[in-house]
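Quick notes on the structure that follows.
The values are calculated or read from the model by the stated rules, or taken from the named source; none is laboratory data. In this text the structure is predicted, and so the values were computed from the model without any measurement. Heads up, the Cβs are rebuilt from the backbone with ideal geometry, glycines too, and the neighbour counts pull from every protein chain shown.
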Amino acid sequence: MVISHDILAETVFILRSKFGWSGTQVEYADRILRDIAAIITPGERLKVIKIDAADNRHFTSDKLPPTIKFNL
């Protein structure tokens, strides 16, 4: 799994605010995601979505680090 810091922060926020998870539950989920995911820092932001431009933060032109391999 590849995830950015922004997506991780939004996931934690949604788990707490929308789903009512406790601080302990959110901390556990955050720790698990950090353990299993490759955390990347996005580079150039792409403008893909015109209706809700804020969602463009999910799209970048980054290359994956060479240590990440996918079995497809």
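Listing for the model above:
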| read-out | value |
| --- | --- |
| Residues within the range 1-10 that are part of a helix (DSSP H, G or I) and surrounded by 15 or more Cβ atoms within 10 Å (Cβ to Cβ), tallied | 2 |
| Of all residues in the range 50-64 being assigned to a loop (DSSP other than H, G, I, E, B) and surrounded by 10 or more Cβ atoms within 10 Å (Cβ to Cβ), the one that is modelled with the lowest pLDDT | L64 |
| Matching residues, the range 11-49, being of a type in the set (A, V, I, L, M) and either modelled with pLDDT of 95 or more or part of a helix (DSSP H, G or I) (or both) | V12, I14, L15, V26, A29, I32, L33, I36 |
